[in-house]
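Chemist: The structure follows.
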Amino acid sequence: HQKELNRMANKDAIDSRNSDLIAWEVDSKLPRSLMEGTKAMQTQGETFLPKDYMEQQGNYDTRLSRSTLVNAFGKTVSFLSGQVFQKELVFSDDTPDIVIDRNKDIDLEGTGVSEFSKNVFGKGIAEGVCHIVVDTTNKGDEYNSRAEELAAGVRPYFQMVTGDSLSGYVYENGILLQIRVHSIVKERDGKFGVLEIEQIKVLESGTWEIWQKDKKGKWLLKEDGVSSLEYIPIVSFIPGEQKSLMTGRSPLMDLAELNLNHWRSKSDQDNILHHARVPILFGKMLDVVEVTKSPYNLLNSNDEAGDLKYVEITG
């Protein structure tokens, strides 16, 4: 953990993190885990489900594995997103055909602008912030006309950048000078394999760079180029309390904390019910002390006072 903090504090490292982004990661861990469901909450372990006093680790692990999340938070985010985007976005009559056509696949992954907007909205209200970066398929080649660009397939597209994907940024004197976007890219590896590579794209006014991590964990510059833009094409959606230029607190944080309380309470109730469902056997004057629960076992006693019965819980 200390090594990670030292890396984040290294301002010369391309994957260094701004202090406000680190604070956001801590503050948003609960809603982000809730959105991922039961497995994510179990993975967090004692962070969200504390161990009881004198509870053995084995007993705790069993209790944790039996805990299930009733995801009121995730259902609320889904419901609100669906309410806002019940209908497809409608373009005005004077919208150019090329704009309408490109909005049918706004991110080059087959997502229409309405669905894309719904996804950004959901991320924003759940995690407190979500960004949209406008990128282009142009790799720096020069074209003499719009027709040549269209023929080459050059076009802008949207990229959704979540709070944890924004690796860092530089902001001075009211001007955004740099952003660094982290992603995982997949490349062909042999005939059947797929290689996942960590990548950071650096955007500055008029320039861009792509860095990738090699197998030894070292960041290497793979591509760079120039841009005609005099600004960084990013828009941040912060629907709740804005904590910094690039971070915010979820407007549904109170619901997230209430859901956390239910996660803990339900874990307790399920654990109690699990033990209460197992009846207690009471026996006396038996030859066999160790009892194996099975319909094929028979316990016998030759003593007239011998007895074996279940102790029922009342009340």
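Chemist: Report, by residue number, each residue of region 101-154 that is surrounded by fewer than 19 Cβ atoms within 10 Å (Cβ to Cβ) and in a strand (DSSP E or B).
Modeler: The answer is 132, 134, 135, 136.
Chemist: Tell me whether region 117-125 contains one or more residues that are in contact with a Phe, Trp or Tyr (Cβ under 8 Å, 6 or more places away or on another chain) and more than 28 Å from residue 28 (Cα to Cα).
Modeler: Within region 117-125 (the criterion being in contact with a Phe, Trp or Tyr (Cβ under 8 Å, 6 or more places away or on another chain) and more than 28 Å from residue 28 (Cα to Cα)), the answer is no, since none of the residues qualifies.
Chemist: Here is a further query. With the requirement that a residue be hydroxyl-bearing (Ser, Thr, Tyr) and either under 30 Å from residue 29 (Cβ atoms) or within 19 Å of the chain's Cα centre (by Cα) (or both), what does region 131-170 give you?
Modeler: 162, 165, 167, 169
Chemist: Could you run through region 164-178 and say how many residues are surrounded by 12 or more Cβ atoms within 10 Å (Cβ to Cβ) and outside any strand (DSSP E or B)?
Modeler: Qualifying residue count for the region: 2.
Chemist: Then there's this: Taking the condition assigned to a strand (DSSP E or B), without any contact (Cβ under 8 Å) to a residue 60 or more places away in the chain and open to solvent by 40 Å² or more (accessible area, probe 1.4 Å), does residue 187 pass?
Modeler: Here the answer is yes, as residue 187 does meet what is asked.
Chemist: When only residues in region 290-308 that are touching a Leu at 6+ places or on another chain (Cβ under 9 Å) and modelled with pLDDT of 70 or more count, which is most open to solvent (accessible area, probe 1.4 Å)?
Modeler: My answer is 300.
Chemist: Identify the residue in region 34-47 that is outside any loop (DSSP other than H, G, I, E, B) and open to solvent by less than 70 Å² (accessible area, probe 1.4 Å) and, among all such residues, is nearest to residue 125 (Cα to Cα).
Modeler: Here the residue is 34.
Chemist: Filter region 67-94 down to residues that are more than 30 Å from residue 252 (Cβ to Cβ) and in contact with a helix residue (DSSP H, G or I) (Cβ under 9 Å, 6 or more places away or on another chain), then give me how many there are.
Modeler: Residues in region 67-94 being more than 30 Å from residue 252 (Cβ to Cβ) and in contact with a helix residue (DSSP H, G or I) (Cβ under 9 Å, 6 or more places away or on another chain): 1 in total.
Chemist: Output the residue which, of all residues in region 265-289 that are surrounded by 13 or more Cβ atoms within 10 Å (Cβ to Cβ) and in contact (Cβ under 8 Å) with a residue 24 or more places away in the chain, is nearest to residue 48 (Cα to Cα).
Modeler: Here the answer is 267.
Chemist: For the condition open to solvent by less than 60 Å² (accessible area, probe 1.4 Å), under 21 Å from residue 109 (Cα atoms) and without any contact (Cβ under 8 Å) to a residue 60 or more places away in the chain, what is the one hit in 181, 161?
Modeler: 181
Chemist: Still on this structure: Given the structure, is residue 124 in contact (Cβ under 8 Å) with a residue 12 or more places away in the chain, on the phi < 0 side of the Ramachandran plot and within 17 Å of the chain's Cα centre (by Cα)?
Modeler: yes
Chemist: Tally the residues that are hydroxyl-bearing (Ser, Thr, Tyr), exposed (fewer than 15 other Cβ atoms within 10 Å of the Cβ) and not in a loop (DSSP other than H, G, I, E, B), restricting the search to region 193-250.
Modeler: 1
Chemist: Evaluate the following for residue 50: is it loosely packed, with under 15 Cβ neighbours inside 10 Å and in contact with a helix residue (DSSP H, G or I) (Cβ under 8 Å, 6 or more places away or on another chain)?
Modeler: For residue 50, the condition - loosely packed, with under 15 Cβ neighbours inside 10 Å and in contact with a helix residue (DSSP H, G or I) (Cβ under 8 Å, 6 or more places away or on another chain) - is met.
Chemist: Condition test on residue 79, is it more than 27 Å from residue 149 (Cα to Cα), surrounded by fewer than 15 Cβ atoms within 10 Å (Cβ to Cβ), free of Cβ contacts under 8 Å to residues at least 24 places away in the same chain and of a type outside the set (Lys, Arg)?
Modeler: yes
Chemist: Please work out which one of (1) at pLDDT 95 or above; (2) exposed (fewer than 10 other Cβ atoms within 10 Å of the Cβ) is the condition residue 257 fails and give its number.
Modeler: Of the numbered conditions (1) at pLDDT 95 or above; (2) exposed (fewer than 10 other Cβ atoms within 10 Å of the Cβ), the odd one out for residue 257 is (2).
The values are calculated or read from the model by the stated rules, or taken from the named source; none is laboratory data. Computed from a predicted model, the values in this text were never measured in an experiment. Glycine gets a Cβ as well: all are built from the backbone with ideal geometry, and neighbour counts include every protein chain shown. These accessible areas exclude ligands, DNA and RNA; they are computed on the full protein's heavy atoms, side chains included. Shrake-Rupley method; radii C 1.70, N 1.55, O 1.52, S 1.80 Å.
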